[in-house]
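Heads up: the structure comes next, in structure tokens.
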Amino acid sequence: MNSKLRLTVSMISLLLALAVSNGLAQFEIGQTSTPPTIDGVVDASWDTLAMYVGVDPTTWTPSPDHQSLADCSFKWSAVWDADSLYVIVIIMDDITTTGVLGSGVDSWMNDNVEMSINDPAGSGNSVFFRFGYDRDGEDLGLLDSPPKATPVGSRSATTNSADGWIMEAAIPWSILSNDSVDFSGYPAIDKVLNMNVNVADLDIPEATGWDQLSGHVQWPRGWSATDVTLVATATVDDTPPAAPANVTSSNVTYNSASIGWDASPEADVLGYLVLANDAPKKFVPDPTATGTDLAGLDPETAITISVIAVDAQNLSDATTTDFTTGSTPTPLDLNVHQYAGSYATPFEDFDFMDALEAQPLGYHFGDANTSDLDLAANMKVTWTDAALFMQVNVTDESIQNTSEASPWENDNGEYHFDMGNERDGSSTEDAFENYDPNNFQYRAIPQQAWQTGSTPAPDWTGVAMATYDYYGDGVDAIGYTIEMSWPWSALNASSGLDFVAAVDAAFAFDLKVSDTDEDGSSAQLTWSSFTHNEQYKNDAEFGQFILKGATTGIASSELASTIRLFPNPANTIATVRLSREFNGTVTLNDVTGKAVIQRTIQHFTGDITLDVSKLSKGLYIVTFESLSGERSANKLIIK
């Protein structure tokens with residue numbers, strides 16, 4: 001795409017990532033003179049050991065379904081001797097499932113425990129293990145991409161318990177070293193392992209694929225690891241922390257709410273587990289945190305929020321608050337105005353694109369990245385007789401796009417079309433197949449040339465894509481823009497229909513932006529699909545694009561030439577210099593399109609100051625609109 005993008009991206013400040021080890025108490029594995037029997041039974045050898053709790057629910061699983069701590073949570077412990085590392089994981093699980101084996105089935109589809117172990121002095125690579133409930137290790141398949149074979153020589157056993165199941169394993173030190181992980185100096189007092197433990201919960205015995213898992217629970221949090229020290233005797237803490245106080249709710253919508261609390265005074269608290277109607281929704285890994293935002297709540301539902309303080313080995317009592325979520329909004333319609341300028345594409349017409357109204361993606365799914373500082377997006381849409389054009393601006397502090405084999409696991413934008421306009425909000429969408437022939441999608445990935453579709457595959461003839469990312473040039477901001485254009489002929493070839501681009505013609509559409517972070521957490525934003533709950537389906541309510549004629553007075557190059565905005569980037573004060581008399585409004589909009597500053601100017605020439613000291617860092621659009629209909633827009637970065 002031959003685009004000379006000036007409005008590169010809507011961006012917010014780059015946050016400092018919280019290191020995995022921050023706030024975590026010392027984790028220890030004690031030495032033993034009598035190794036435990038590997039039979040899946042909690043015998044006396046485990047009774048007096050430090051047991052660490054795992055309660056962090058992932059949002060990475062496509063359709064997580066954690067109903068309660070009894071549905072899936074765990075605690076684990078370990079001991080060591082000169083021969084082996086011995087691990088026990090005690091899982092609360094209301095449905096223990098072995099799953100199925102066979103051609104075309106993910107071989108690890110059953111309840112299982114995943115572990116990674118690494119020597120911190122090494123390269124950062126890990127040795128991986130998966131221990132499956134009631135299944136031999138050779139049936140569990142390989143891990144990761146490229147696949148990593150589980151080292152040969154470990155022993156494991158699983159048994160049922162009253163509340164779930166138990167896994168014990170013995171891992172010889174001799175099998176841990178490989179070309180990139182060196183355990184030749186182990187074991188010894190004060191040696192450190194870098195490790196994690198993740199429990200996969202499968203509640204559907206006949207399940208065959210990843211998206212049918214009920215979810216994962218991780219220790220210490222996310223898909224990350226932390227350091228564990230080999231000691232003579234591990235410290236046991238059996239005193240729960242004090243519960244957080246004064247739990248409150250605010251900003252309640254149809255599917256989200258802000259939750260606040262007073263932090264626990266305990267010095268060893270690692271963070272807070274937040275539950276909605278007993279279902280674990282989020283682990284907040286900050287002992288000083290006094291609140292969080294929740295998304296993905298059910299509309300028109302009475303909800304009890306519980307907040308629990310978590311230390312390394314204990315959970316506090318829960319403190320609660322109650323509220324009822326609101327009603328779902330009406331599906332959206334968008335009047336898409338025609339481009340009638342003289343450039344080859346509207347992307348090359350800077351004034352036109354700057355002044356074109358940005359449509360925020362207002363619906364958030366998943367419990368990760370709920371802050372606009374991590375994930376926000378908007379789109380700008382226009383059309384010509386030949387094609388549909390769309391610019392998507394995304395704020396994202398951490399762009400992840402390393403998987404060509406599974407592109408949906410990258411940060412990406414998905415463009416869902418229903419050219420037959422059946423999903424315009426007037427129908428019950430459950431009647432539609434997931435991928436019916438008139439409903440198709442295109443996927444675009446920032447920083448890459450990968451472009452993928454859905455089933456059935458869309459036509460790509462003449463479809464063009466360009467992506468741009470912005471790393472600040474001294475400004476703490478990050479994100480990306482994707483520009484795509486679709487010839488009407490390609491959309492008709494994809495749908496098998498004969499849509500004619502003309503004023504008042506309409507079709508159904510939705511945009512989904514997916515964000516995956518380094519810790520494996522993920523979230524999605526959509527423009528109109530507020531009922532969208534399943535990540536891999538196209539069966540949500542769509543909005544309507546209604547084609548309209550060209551707008552008048554959308555941009556004025558003459559007005560733009562009389563405006564200077566400085567300094568840019570700005571910190572506390574931005575100055576607008578008007579070299580000719582201006583009579584109209586000056587509006588500063590954030591990434592969502594919300595007006596954060598608006599000034600009415602009457603017959604003024606000279607300098608106008610805007611106080612931006614209390615605004616978040618990132619990209620803003622300053623729009624000038626005169627009473628005579630002239631309009632111009634400038635980008636302003638606040639650092």
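The values are calculated or read from the model by the stated rules, or taken from the named source; none is laboratory data. All values reported here derive from a predicted model rather than from experimental measurement. Reconstructed Cβ throughout: ideal geometry from the backbone, glycine too, with neighbour counts over all protein chains shown.
Please give the number of the condition Asp278 fails out of (1) surrounded by 15 or more Cβ atoms within 10 Å (Cβ to Cβ); (2) closer than 22 Å to Ser68 by Cβ; (3) not small (Gly, Ala, Ser).
Among (1) surrounded by 15 or more Cβ atoms within 10 Å (Cβ to Cβ); (2) closer than 22 Å to Ser68 by Cβ; (3) not small (Gly, Ala, Ser), Asp278 violates only (1).
Can you run down the residue pairs with Cβ atoms below 6 Å, 6 or more apart or on separate chains, where the first is in region 208-226 and assigned to a loop (DSSP other than H, G, I, E, B) and the partner is among the aromatic types (Phe, Trp, Tyr) and crowded, with 22+ Cβ neighbours inside 10 Å?
Close Cβ pairs satisfying both conditions: Arg221/Phe283.
Please tell me if Ser398 is at pLDDT below 85, touching a helix residue (DSSP H, G or I) at 6+ places or on another chain (Cβ under 6 Å) and not in a strand (DSSP E or B).
Criteria not met by Ser398.
Counting just the residues of region 299-314 that are of a type outside the set (Gly, Ala, Ser) and assigned to a strand (DSSP E or B), which one comes out surrounded by the fewest Cβ atoms within 10 Å (Cβ to Cβ)?
Thr304
Just to be sure, is Phe352 out of contact with any Leu (no Cβ under 9 Å at 6 or more places or on another chain), in the same structural domain as Ala508 (by TED's automatic domain parsing), under 15 Å from Thr551 (Cβ atoms) and modelled with pLDDT of 90 or more?
Values: out of contact with any Leu (no Cβ under 9 Å at 6 or more places or on another chain): yes; in the same structural domain as Ala508 (by TED's automatic domain parsing): yes; under 15 Å from Thr551 (Cβ atoms): yes; modelled with pLDDT of 90 or more: no.
Spelling it out, it is not the case that Phe352 is out of contact with any Leu (no Cβ under 9 Å at 6 or more places or on another chain), in the same structural domain as Ala508 (by TED's automatic domain parsing), under 15 Å from Thr551 (Cβ atoms) and modelled with pLDDT of 90 or more.
Applying the selection to region 161-174, what residues are in contact with a Phe, Trp or Tyr (Cβ under 9 Å, 6 or more places away or on another chain) and surrounded by fewer than 16 Cβ atoms within 10 Å (Cβ to Cβ)? Steps first, please.
Start the filter on region 161-174 by keeping residues that are in contact with a Phe, Trp or Tyr (Cβ under 9 Å, 6 or more places away or on another chain), which leaves 164-165, 167-171, 173-174.
Ser174, the sole residue that qualifies.
Filter region 487-508 down to residues that are touching a Gly at 6+ places or on another chain (Cβ under 8 Å) and at pLDDT 90 or above and give me whichever is surrounded by the fewest Cβ atoms within 10 Å (Cβ to Cβ).
Val503
Has region 326-348 got any residue that is under 20 Å from the mean Cα position of the chain (by Cα) and closer than 14 Å to Val252 by Cα?
no
Mind counting the residues in region 311-349 that are hydroxyl-bearing (Ser, Thr, Tyr) and at pLDDT below 90?
5
Tell me, which residue of region 47-67 that is among the aliphatic types (A, V, I, L, M) and either within 14 Å of Gln212 (Cα to Cα) or in a loop (DSSP other than H, G, I, E, B) (or both) is modelled with the lowest pLDDT?
Leu49
Can you name the condition, by its number, that Asp203 falls short on among (1) assigned to a loop (DSSP other than H, G, I, E, B); (2) over 24 Å from Phe283 (Cβ atoms)?
Of (1) assigned to a loop (DSSP other than H, G, I, E, B); (2) over 24 Å from Phe283 (Cβ atoms), only one is false for Asp203: (2).
Condition check: surrounded by 11 or more Cβ atoms within 10 Å (Cβ to Cβ), more than 37 Å from the chain's Cα centre (by Cα) and not in a strand (DSSP E or B). Does Leu559 satisfy that?
So Leu559 passes the test.
Given the condition in a strand (DSSP E or B), of a type in the set (Asp, Glu) and either surrounded by fewer than 20 Cβ atoms within 10 Å (Cβ to Cβ) or touching a residue at least 24 places away in the same chain (Cβ under 8 Å) (or both), answer yes or no: does some residue in region 582-599 qualify?
No.
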